[in-house]
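Accompanying notes for the structure given below.
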Amino acid sequence: MNEELKKKYILAGKIAGEAREFARQMTKPGAKIRDICQKTEEKIRELGGEPAFPTNISINERAAHDTALSNDERVIKEGDLVKIDVGAHVDGYIGDTACSVTYNKSYETLIKAVENALSEAIKLCTPGRKLEEISATIEKIIKSYGYLPISNLTGHGLERFNLHAQPQILNVSCKTTYQLKEGQVIAIEPFATLPSGAGKIKDIAEKKIYMLINPKPVRNRNAKLIMNFAKRYNGLPFALRWLPVQGFGLLVALKELEQKNIIYDYPVLSEINKEPISQAEHTVIVAEEPIVTTEIRAK
Ligand code: MN
Ligand code: MN
């Protein structure tokens, strides 16, 4: 990887990491989810980046892809297990990072399990490493705590304006000959649930995050407005909350945009048995000494 590119990845990672810690500080019982999302996205811009995707705040059995709607009144509750997933980009080069926050003592080791799995996995992000070693390590550590890794959520490669590039990095053992290469940028994100969980997530019928995939002529005026507006995200995901059309007009426009396959949706993901899920994530540049771009110490 050339130095200029590396600088952009490192800056994007630093911005995402700082925004994650900023969001973590705000995540307290009584805090409004919409405020946390919006202020974290403002923070990213203040630090010189752009959001690479909407701030995800996914609570308890919800693993990912939840974010505030424009009229969202939900607040963080005392017993919640909260996943905060933050992305920042600089000229398309992305830092992707997540943490779990709780004030409920009974979830503390569930969080420890994914944090430990993540830090052990990061040590393995060296050139030539087989992906199956990383996946097996994540699974082994989560299970050593007595928990279940989520088998259908994965880490991933990162490329310019591409949040989910190859390879997929499973959180359970898998057979693959794929080896990491020097300078490759990847996000590692272990998820875990209680042994009473299914260890799997499914889509639920709530959609708040979309991506523009295939612009083409549309009839509805608002659909056209939204399509043209969404082009600014360069193929990265956006929140319904960010759009210039809200309310009923948005619902009608989305229908046409979805039917014509112009936008792609990211439904909220929920543990199949509705058990709580923890998550930890960092972005790493593969090297003999792996570079964790999103690692920031809490202030
Ligand atoms: Mn993420
Ligand atoms: Mn990710």
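The values are calculated or read from the model by the stated rules, or taken from the named source; none is laboratory data. Keep in mind it's a predicted model, so treat the numbers as computed, not measured. Please note: Cβ atoms are built from the backbone with ideal geometry, for glycine as well, and neighbour counts cover all protein chains shown. Side chains included, ligands, DNA and RNA excluded: accessible areas come from the protein's heavy atoms. Shrake-Rupley method; radii C 1.70, N 1.55, O 1.52, S 1.80 Å.
Numerical summary
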read-out	value
Residue ranges of strands (runs of 3 or more DSSP E) in the range 151-193 with at least 1 members within 16 Å of ligand 2 (Cβ to nearest atom) and among the hydroxyl-bearing types (Ser, Thr, Tyr)	154-159
Residue match in the range 200-207 (condition: outside any loop (DSSP other than H, G, I, E, B), in contact with a helix residue (DSSP H, G or I) (Cβ under 6 Å, 6 or more places away or on another chain) and either at positive phi or of a type in the set (A, V, I, L, M, F, W, C) (or both))	no
Filter pass, residue 164 being more than 24 Å from residue 36 (Cα to Cα), in contact (Cβ under 8 Å) with a residue 12 or more places away in the chain and within 15 Å of ligand 1 (Cβ to nearest atom)	no
Residue pairs meeting the criteria (Cβ under 6 Å; at least 6 apart or on separate chains; first within 18 Å of residue 286 (Cβ to Cβ), in the range 3-28; second open to solvent by 40 Å² or more (accessible area, probe 1.4 Å) and modelled with pLDDT of 95 or more)	8/91
The range 109-139 - residue that is outside any helix (DSSP H, G or I) and of a type outside the set (D, E, K, R) and, of those, surrounded by the fewest Cβ atoms within 10 Å (Cβ to Cβ)	128
Residues of the range 249-266 classified as in contact with a strand residue (DSSP E or B) (Cβ under 8 Å, 6 or more places away or on another chain) and away from ligand 1 (no atom under 16 Å from the Cβ), total	7
Flag for residue 23 being closer than 21 Å to residue 185 by Cβ, in the same structural domain as residue 162 (by TED's automatic domain parsing), in contact with a strand residue (DSSP E or B) (Cβ under 9 Å, 6 or more places away or on another chain) and hydrophobic (A, V, I, L, M, F, W, C)	no
Qualifying residue in the range 226-235 (condition: closer than 30 Å to residue 120 by Cα, in contact (Cβ under 8 Å) with a residue 60 or more places away in the chain, away from ligand 2 (no atom under 16 Å from the Cβ) and of a type outside the set (Ser, Thr, Tyr))	no
The lone exception for residue 235 - which of (1) within 22 Å of residue 9 (Cβ to Cβ); (2) within 16 Å of ligand 1 (Cβ to nearest atom); (3) of a type outside the set (D, E, K, R) it fails	(2)
